[in-house]
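Engineer: The structure under discussion is supplied below as C-alpha cells; questions concerning it will follow.
The values are calculated or read from the model by the stated rules, or taken from the named source; none is laboratory data. If you're wondering where the values come from, they're calculated on a predicted model, not measured in any experiment. Using ideal geometry, Cβ is built from the backbone for each residue, glycine included, and neighbour counts are taken over all protein chains shown. Areas reflect the complete protein model, heavy atoms only, side chains present, ligands, DNA and RNA absent. Shrake-Rupley method; radii C 1.70, N 1.55, O 1.52, S 1.80 Å.
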Amino acid sequence: MTDEFKLTPAINAATRAFADALVTENVPDPGDGFRGFYGLPPHLRRILFVIDRFERNFRKTSKVAQRPTSTDEPQGPRESPPPPSPPVDTAGADEAGPPSDRPFPDLAPSDPAAPEPEPASEPEPEAKPELDPSASDPVSDPDPEPAPPKRDASDPPARVPMSDDAPQTRPEDGAGTPTPKPDSSKPDSPKPESPKPESPKAATPRSPVADPPDRSTLDTPQPGGVPAMPTRAACSGSAGAAPIETVKKTVYLKNARTSEAYEGAIQIDGLKGLKLEDSGGSGLTLDEGSGLLKGTPTASGDFVLRLQALLHGKRCEVAAHLAVIPDPKSLWVSKASDRNDPFWKEDEAFERTEGDLLCVAASKRGRSHAKDGTFRDDHFGLLATGPGGWHIAVVADGAGSATFSRRGSKVAVESVLSGLPKRLDKHVTPHLGKLVHAHRQGNTDATAQIKSQLYLSLADAAFDAAKDLEAEAAVRNEKVSAFSTTLIIGVVRKVEEGWFIAGFSVGDGGAAVFDVRDGSLTPLTLPDSGEFAGQTRFLQKSEFSGGFEEVAKRLFFDVRKDFTAVALMTDGISDPKFPTDAVFADGAKWIEFWRDDLTRSVDFSRTNEAMDRQFLEWLDFWSPGNHDDRTLAVLVP
C-alpha cells in the first residue's frame with residue numbers, strides 16, 4: 001500500500017515551505033550521517049534534525065503529563081474497603097526530602113475502586129512546603145535521585161490530584177461528591193491536601209530546536225514505576241559520532257590458472273580504501289596502488305578472499321570468490337610402456353644428419369598414449385647420400401586403432417629408406433638437370449616427364465612399402481589392417497638452377513617447402529581424408545590400383561633458387577598448428593609458425609649442440625584436444 005502512495009501537490013508545496021522556513025530560522029545542518037542516514041542533501045538533513053528534536057521533546061512532555069495517571073505500577077495486596085474517609089496527607093510519608101528534591105512524585109494506585117486504608121496511629125510528621133509551580137522541571141533536574149523511602153504495609157498509597165481547581169472524587173462517594181478540603185484554620189496541623197500536580201505550562205511542548213533533557217536523568221530508573229527512556233547515541237553535527245553502517249558485498253573474480261601470473265580487480269563502483277584482510281589461501285596479494293589482486297596461484301580450487309573498504313561513506317566488507325583452474329598438463333599422467341613387448345619403441349626419438357642440407361627430425365609419444373601406458377605409433381627416418389646427392393625424409397603415423405600400427409609405421413619407413421635411393425638414382429638423377437631446365441623454360445612435356453620419373457621412384461617405393469606390410473602381417477599371422485599406417489616422403493637435391501624438391505603421401509599429416517623472405521609456399525602433399533569425416537587413408541596396395549593418372553595426383557615437386565625449410569609432419573603437428581586445409585596452404589601461416597613458434601624454441605643451426613633437447617621440449621607444447629603422437633622432420637640449407 002505504501003508503494004502506491006503518491007505525494008500530492010499540496011504536500012509537496014508544504015514540504016518545500018517547511019524546508020525554506022528551517023533555513024530562515026537558522027536551523028543548523030546536523031551533517032552527513034545524522035541518525036545513520038548518509039547521502040542526504042542539507043535541506044532534508046535539517047528536516048530530519050527538527051523531526052528528531054520534536055519527537056524527543058514531545059515524548060518527554062508526554063511522559064511528564066501522563067505520569068500522575070499511570071496504571072503500569074503493580075500494586076500490593078488490598079484489604080476490604082473501609083468506610084469512606086477524607087483523603088490523607090501523603091507529604092509526610094516521604095522521608096527523603098521535600099518534593100523539590102524528587103525527580104518524580106509518587107503515583108496513585110491504578111485501580112480507582114480501591115479504597116484508601118486507614119492511616120496508622122503514628123506521630124504526624126511536619127508538613128512539607130507546597131510545590132512551587134515555578135520550580136525547575138523535575139525531569140531535567142541533574143541532581144542524583146535519592147533512594148525511595150521504605151513504606152510499611154499500613155502506609156496509605158500516595159495520590160496525586162489531576163488539577164489544582166477540581167477536587168478529587170471517588171466513585172464510592174458518589175458521582176460529583178467533592179472530597180473535603182483540609183481546615184486551613186489549624187496552621188500547626190499538617191495540610192491534608194495532596195501535592196499539586198505539574199504546572200500546565202510544564203506539559204507544553206518546547207520549541208523543536210530546544211536542547212534535549214539531561215540524558216543521565218532520563219536513562220536512570222525512576223521511582224514510582226516510571227520506566228526509564230532507552231539510551232541512544234548522541235547526535236551532533238559530526239558524522240563520525242553516528243553509528244557506521246556495514247555493507248556486505250559479494251563479487252566473483254575472473255578465473256585464474258595455477259602457475260600462471262594473475263591480475264584481477266574488484267568491480268564495485270564507489271569503493272575506496274580497499275584493504276586485503278585474508279587471501280583465503282589463494283596466494284594473491286593486493287596492490288593498494290592499483291587496487292588489483294596479483295600473484296601466481298600454486299593450488300587449484302575455489303577460494304574466498306576477504307577485503308575491507310569504504311563504500312559511499314559506509315564500512316564495506318567484500319567477499320571475493322576466485323576459481324583457480326588446475327594446469328591441464330598436471331592432470332595428465334605418463335605411464336611407462338611395456339619394454340618387454342616385441343614391438344616396443346622409445347617414447348621419444350631424435351635424429352640428425354647432414355649433407356648439402358641439415359636434416360633433423362624428432363618424435364614424441366602423445367599424452368593420450370602416455371596416460372594409458374601404450375606405445376608411440378609414429379616413426380620417422382632420415383638419409384643424406386652426401387654432397388650433391390639426395391636428402392630423404394620419411395614420416396609415418398601408425399593408426400591408433402590398429403593393434404600393431406607402431407610396427408607398421410616402422411616397416412613402412414625402413415622400406416622406403418631402403419629402396420628409394422636406388423630408384424631415384426635410376427629414374428630421376430640421370431635426367432634431372434635437363435628436365436629441370438626445360439621445365440623452367442615452360443616446357444609442359446618436361447613437367448609431365450618429371451612426374452613420370454617420380455612415379456617410378458617415389459610412388460614405386462611407397463608401393464613396395466605396402467607390400468612389405470602384407471608380408472609382415474603374413475609372418476605374424478595377422479591381418480594387414482593390424483599394421484595400418486600413413487606415409488609421407490620428401491626428397492631434396494641440389495641442381496644447377498637451385499634446389500629440386502618433391503613429395504608423395506598417403507594419408508593425413510602433410511609436407512611443404514616455404515620461404516619466409518618472400519612468403520612463398522608449395523605444398524608437397526595432397527589433403528587426404530577417408531570416406532567419412534575424421535577418417536584418413538592408410539598405406540595399402542589398393543591405393544595404387546588406379547594407375548598413373550590417380551597416383552600422380554599425390555606427386556608434387558618444386559624448383560627453387562632458395563628456400564627456408566622443407567617440413568614433413570604427422571597429424572599430431574598439423575592438426576593443432578594448421579587445423580584446416582586452407583590454413584595449411586596459407587604462406588603467412590607458415591611464416592608465423594616458423595618465426596613466432598618453432599624457431600623461438602629450436603635453433604636450427606649446425607653448431608647447436610642442444611638441438612635435440614630443444615626439439616623434444618617443443619614437441620611437448622600444449623594444445624587442448626590435441627594429444628596424439630607428434631613427429632616433425634625439418635630440412636634446412
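Engineer: Answer yes if at least one residue in region 433-453 is out of contact with any helix residue (DSSP H, G or I) (no Cβ under 9 Å at 6 or more places or on another chain), in contact (Cβ under 8 Å) with a residue 24 or more places away in the chain and open to solvent by 10 Å² or more (accessible area, probe 1.4 Å), and no otherwise.
Structural biologist: So far as region 433-453 goes, yes, one or more of its residues are out of contact with any helix residue (DSSP H, G or I) (no Cβ under 9 Å at 6 or more places or on another chain), in contact (Cβ under 8 Å) with a residue 24 or more places away in the chain and open to solvent by 10 Å² or more (accessible area, probe 1.4 Å).
Each row is one residue, and each column tells you yes or no for (1) more than 30 Å from ILE244 (Cα to Cα); (2) surrounded by 11 or more Cβ atoms within 10 Å (Cβ to Cβ).
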| position | (1), (2) |
| --- | --- |
| ALA10 | yes, no |
| ALA17 | yes, no |
| ALA21 | yes, yes |
| VAL27 | no, yes |
| PRO30 | no, yes |
| GLY36 | no, yes |
| PRO42 | no, yes |
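Engineer: Just name the residue that is farthest from PHE350 (Cα to Cα) out of those in region 550-604 that are among the polar types (S, T, N, Q) and open to solvent by 20 Å² or more (accessible area, probe 1.4 Å).
Structural biologist: Step by step, filter region 550-604, then rank; the result is THR580.
Engineer: Quick check on region 454-493: of everything there that is among the polar types (S, T, N, Q) and touching a Gly at 6+ places or on another chain (Cβ under 8 Å), which residue is surrounded by the most Cβ atoms within 10 Å (Cβ to Cβ)?
Structural biologist: Looking at the filtered set, the residue picked out is THR485.
Engineer: What are the pairs with Cβ atoms under 8 angstrom where one residue, in region 276-298, is within 16 Å of TYR262 (Cα to Cα) and not assigned by the TED database to the domain that holds LYS254 and the other, located anywhere, is open to solvent by less than 30 Å² (accessible area, probe 1.4 Å) and in a strand (DSSP E or B)? Sequence gap at least six, or different chains.
Structural biologist: none
Engineer: Looking at this structure, is ARG613 assigned by the TED database to the domain that holds LEU521, of a type outside the set (A, V, I, L, M, F, W, C) and assigned to a helix (DSSP H, G or I)?
Structural biologist: yes
Engineer: Please pick out the residue among TRP622, TRP590, TRP594 that is in a loop (DSSP other than H, G, I, E, B) and not aliphatic (A, V, I, L, M).
Structural biologist: Matching residue, one of TRP622, TRP590, TRP594: TRP622.
Engineer: Something else: So is PRO421 surrounded by 15 or more Cβ atoms within 10 Å (Cβ to Cβ), of a type outside the set (Asp, Glu) and assigned to a helix (DSSP H, G or I) or not?
Structural biologist: For PRO421, the condition - surrounded by 15 or more Cβ atoms within 10 Å (Cβ to Cβ), of a type outside the set (Asp, Glu) and assigned to a helix (DSSP H, G or I) - is met.
So that you can scan it fast, the table gives a plain yes or no per residue for (1) modelled with pLDDT of 95 or more; (2) small (Gly, Ala, Ser); (3) over 30 Å from THR607 (Cα atoms):
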{"site": "PRO328", "(1), (2), (3)": "no, no, yes"}
{"site": "ASN340", "(1), (2), (3)": "no, no, yes"}
{"site": "LYS345", "(1), (2), (3)": "no, no, no"}
{"site": "PHE350", "(1), (2), (3)": "yes, no, no"}
{"site": "THR374", "(1), (2), (3)": "no, no, yes"}
{"site": "GLU414", "(1), (2), (3)": "yes, no, no"}
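Engineer: Looking only at region 371-403, filter to residues that are open to solvent by 10 Å² or more (accessible area, probe 1.4 Å) and not in a loop (DSSP other than H, G, I, E, B); which one of those is nearest to ALA336 (Cα to Cα)?
Structural biologist: Among them, the one singled out is HIS379.
Engineer: Go through region 264-275 and report how many residues are free of Cβ contacts under 8 Å to residues at least 40 places away in the same chain, under 12 Å from the mean Cα position of the chain (by Cα) and either in a strand (DSSP E or B) or within 15 Å of LYS294 (Cβ to Cβ) (or both).
Structural biologist: 1
Engineer: Would you mind stating whether THR353 is assigned to a strand (DSSP E or B), among the polar types (S, T, N, Q) and under 25 Å from LYS561 (Cβ atoms)?
Structural biologist: When the stated conditions are applied, THR353 passes them.
Engineer: Then there's this: Could you check ARG16 against (1) at pLDDT 85 or above; (2) over 29 Å from ARG315 (Cβ atoms) and say which number it fails?
Structural biologist: (1)
Engineer: Among the residues that make up region 303-315, is at least one of them open to solvent by 60 Å² or more (accessible area, probe 1.4 Å), among the hydrophobic types (A, V, I, L, M, F, W, C) and part of a strand (DSSP E or B)?
Structural biologist: yes
Engineer: Can you name the residue in region 20-63 that is aliphatic (A, V, I, L, M) and within 46 Å of the chain's Cα centre (by Cα) and, of all such residues, is modelled with the lowest pLDDT?
Structural biologist: Looking at residues that are aliphatic (A, V, I, L, M) and within 46 Å of the chain's Cα centre (by Cα), I get LEU40.
Engineer: Can I ask one more? Considering only residues that are open to solvent by 20 Å² or more (accessible area, probe 1.4 Å) and either of a type in the set (S, T, N, Q) or touching a helix residue (DSSP H, G or I) at 6+ places or on another chain (Cβ under 7 Å) (or both), look in region 494-515 and name the one that is nearest to LEU632 (Cα to Cα).
Structural biologist: Applying the filter and picking the extreme gives GLY509.
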